[in-house]
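Colleague: Quick one: the structure is below, and I'll ask about it shortly.
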Amino acid sequence: MATTQVSPDTNTSSSAPSPRPRRSGLDGVILVGLFGAALVYAGQNAQRLISLGAIIPPVLGITIALLICGAMAAAPWRWSMVIPLLLTTVAVVFQLSPGSFPLYAITHPSDNYTVFAVIVVHLGFAIMADVALAVKFAQTIRRQMPHAPQWLNPAVAALTGLTLGMLLLGAIVHPSSAGGAANANATGTETVHLSGATFSPNIVALHTGDKLIMIGDAPVPHLIANGTWSGTKPMPGSESGAPTISNVSVNGTTVTVGPFTTPGTYHLYCTVHPGMVLTVIVQ
């Protein structure tokens, strides 16, 4: 009696689609870090757009870069973490590098608490994403399936606590004493220091013919002009007898304005930072 042999169906097994890689808790941490950091800077730009009708181009560029990194990290490609890892590492190193504005803002919360809070929260998200990306990169090199190590959750909790602690500490730090008038000295000049977003002092008294020296203490761009702020609305304008000061740049440098030749009270403001006003009293 003849027997019938049945050959295995090789077509079925070969045509079956390969399973898509499953997301792990590590991927969740990466995406929360990248998109959280992007959301923080997007919110800052939205606030500035609403209040001043302008955006901050560098912040907008970083926001777009973070969104692109998030999309790349979410892609089902084995090495999708490489470019986001490089970019987040560069961002974290830059923000913590000596002489950078982010580090200055972090160490001087009383200058501008809003900027301090934005940078601290953004940095927390960026560090979270950077560490998780580095872990996934190491696991991929070792040909391991991406997974969240046991220490990841405690590390994220510790980073969250550190961020909240810095926000609380920054909120209770007393503002630096910027008020009060400084007396003119015998050399015919008076000095005002410019920090992140304040004049110190913010009131100076000069004699007729004196000049004013402005020293930029922080790596922050300032543009000084005649005028003042009304809330978040700029009010450009020069009082009668005031020297014309038009967009004088102070960016970690020292400049001299004046002389102030007519007695009176004059106002100078930074066109970049809302609320940053200097009152000059000439006697």
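The values are calculated or read from the model by the stated rules, or taken from the named source; none is laboratory data. Nothing here was measured: the structure is a model prediction, and the numbers come from that model. Neighbour counts run over all protein chains shown; Cβ positions are idealised from the backbone, glycine included.
Colleague: So how many residues does the stretch 251-283 have that are touching a Pro at 6+ places or on another chain (Cβ under 8 Å), more than 16 Å from Ala205 (Cβ to Cβ) and either assigned to a strand (DSSP E or B) or among the acidic types (Asp, Glu) (or both)?
Modeller: So the answer is 1.
Conditions (1) farther than 26 Å from Phe101 by Cβ; (2) modelled with pLDDT of 85 or more, marked per residue:
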{"site": "Leu212", "(1), (2)": "no, yes"}
{"site": "Val220", "(1), (2)": "no, no"}
{"site": "Gly227", "(1), (2)": "no, yes"}
{"site": "Thr244", "(1), (2)": "yes, yes"}
{"site": "Asn247", "(1), (2)": "no, no"}
{"site": "Val250", "(1), (2)": "no, yes"}
{"site": "Val255", "(1), (2)": "no, yes"}
{"site": "Pro263", "(1), (2)": "yes, yes"}
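Colleague: Is the stretch 160-174 home to any residue that is part of a loop (DSSP other than H, G, I, E, B), under 20 Å from the mean Cα position of the chain (by Cα) and modelled with pLDDT under 90?
Modeller: Yes: the stretch 160-174 contains one or more residues that are part of a loop (DSSP other than H, G, I, E, B), under 20 Å from the mean Cα position of the chain (by Cα) and modelled with pLDDT under 90.
Colleague: Which members of the stretch 198-226 meet the condition of being among the hydrophobic types (A, V, I, L, M, F, W, C) and part of a strand (DSSP E or B)?
Modeller: Phe199, Ile203, Val204, Ala205, Leu206, Leu212, Ile213, Met214, Ile215, Leu223, Ile224, Ala225
Colleague: Could you tell me whether the stretch 64-78 includes any residue that is in contact with a Ser or Thr (Cβ under 9 Å, 6 or more places away or on another chain), in a helix (DSSP H, G or I), outside the structural domain of Gly252 (by TED's automatic domain parsing) and loosely packed, with under 14 Cβ neighbours inside 10 Å?
Modeller: no
Colleague: Would you tally the residues in the stretch 92-120 being over 20 Å from His273 (Cβ atoms) and either surrounded by 18 or more Cβ atoms within 10 Å (Cβ to Cβ) or under 14 Å from the mean Cα position of the chain (by Cα) (or both)?
Modeller: Residues that pass the stated criteria total 5.
Colleague: So, one more: Scan the stretch 27-40 and tell me whether some residue there is modelled with pLDDT of 90 or more, farther than 23 Å from Ala148 by Cβ and in the same structural domain as Leu167 (by TED's automatic domain parsing).
Modeller: For the stretch 27-40, residues modelled with pLDDT of 90 or more, farther than 23 Å from Ala148 by Cβ and in the same structural domain as Leu167 (by TED's automatic domain parsing): present.
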